[in-house]
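Visitor: Please read through the structure below; I'll follow up with questions.
The values are calculated or read from the model by the stated rules, or taken from the named source; none is laboratory data. Bear in mind that the values here come from a model prediction, so they are computed numbers and not experimental data. When we count neighbours, we look across all protein chains shown, and the Cβ atoms used for this are built from the backbone with ideal geometry, even at glycine.
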Amino acid sequence: KANVVKYDTSVKYTDENMGRIFDYAEKNLNLKALIYTSDHGEDMANGHGEGGFTFAMVHTPVFFWFSQEYRKDYPQLVSNVEKHKDNFFTNDLMFDSLSGILLAGNNYQQAQYDITDDKYSLPADKALTVHGKHKVMEDPALKK
């Protein structure tokens, strides 16, 4: 029970501070896009270390927000993110997607792993987590 209280407190703290950061950035920093994801999920019995891995440890939120100006300037990019919202996405792919959002193409970016690209594709059998150690489809929660 103590772990649940600590976890809930942590989530509340994060929500409040992300709200403050967002409000400040929107009002003072000409915020165009915001991406939020946590680096790990939480297994209430085992924590989040790799020692006793469970899939709950890798259930992480990801949130994309775009200003009206960004939406007007890059409608196809925003549309692609919205189109792919129900597709598999792992935070291992964040580099490619951030490159797309920043319009910072490079030699390492792969369109199939960039959620802003029309060619984004992460088939269920290819989705991996924990640095490629586990197939996402092995997650018991997906079998329900």
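Visitor: Quick one: which of 99, 121 is crowded, with 16+ Cβ neighbours inside 10 Å, over 26 Å from residue 5 (Cα atoms) and at pLDDT 90 or above?
Guide: Values: 121 fails: crowded, with 16+ Cβ neighbours inside 10 Å.
When all the criteria are applied, what remains is 99.
Visitor: Which ones in segment 78-96 are under 22 Å from residue 123 (Cβ atoms), over 11 Å from the mean Cα position of the chain (by Cα) and either among the basic types (Lys, Arg) or crowded, with 17+ Cβ neighbours inside 10 Å (or both)?
Guide: Selection gives 80, 81, 83, 84, 96.
Visitor: Can you tell which of 67, 97 is closer than 23 Å to residue 25 by Cβ and in contact (Cβ under 8 Å) with a residue 60 or more places away in the chain? Walk me through it before giving the result.
Guide: Details: 67 fails: in contact (Cβ under 8 Å) with a residue 60 or more places away in the chain.
Criteria check complete, one pass: 97.
Visitor: Against the condition closer than 22 Å to residue 132 by Cα, touching a Leu at 6+ places or on another chain (Cβ under 8 Å) and among the hydrophobic types (A, V, I, L, M, F, W, C), how does residue 88 come out, does it pass? It would help to see each step written out before you state the result.
Guide: On the way: closer than 22 Å to residue 132 by Cα: yes; touching a Leu at 6+ places or on another chain (Cβ under 8 Å): yes; among the hydrophobic types (A, V, I, L, M, F, W, C): yes.
Yes, satisfied.
Visitor: Identify the residue in segment 116-144 that is part of a loop (DSSP other than H, G, I, E, B) and of a type in the set (Val, Ile, Thr) and, among all such residues, is nearest to residue 91 (Cα to Cα). Please lay out each step first, then the result.
Guide: Our first condition is that a residue be part of a loop (DSSP other than H, G, I, E, B); within segment 116-144, this holds for 116-123, 127, 130-133, 139, 144.
Those left that are additionally of a type in the set (Val, Ile, Thr): 116, 130.
On the way: 116: 14, 130: 10 Å.
Per the criteria, the residue is 130.
Visitor: Of all residues in segment 6-55 being modelled with pLDDT under 85 and among the aliphatic types (A, V, I, L, M), which is surrounded by the fewest Cβ atoms within 10 Å (Cβ to Cβ)?
Guide: Only one residue fits best here, namely 45.
Visitor: Another question, if that's okay. Inspect all residues belonging to segment 59-73 and state whether any of them is of a type outside the set (A, V, I, L, M), farther than 25 Å from residue 22 by Cβ, touching a helix residue (DSSP H, G or I) at 6+ places or on another chain (Cβ under 7 Å) and surrounded by 17 or more Cβ atoms within 10 Å (Cβ to Cβ).
Guide: Initially, segment 59-73 is screened for residues of a type outside the set (A, V, I, L, M), giving 59-61, 63-73.
After this cut, where a residue has to be farther than 25 Å from residue 22 by Cβ as well, the list is none.
No: zero hits.
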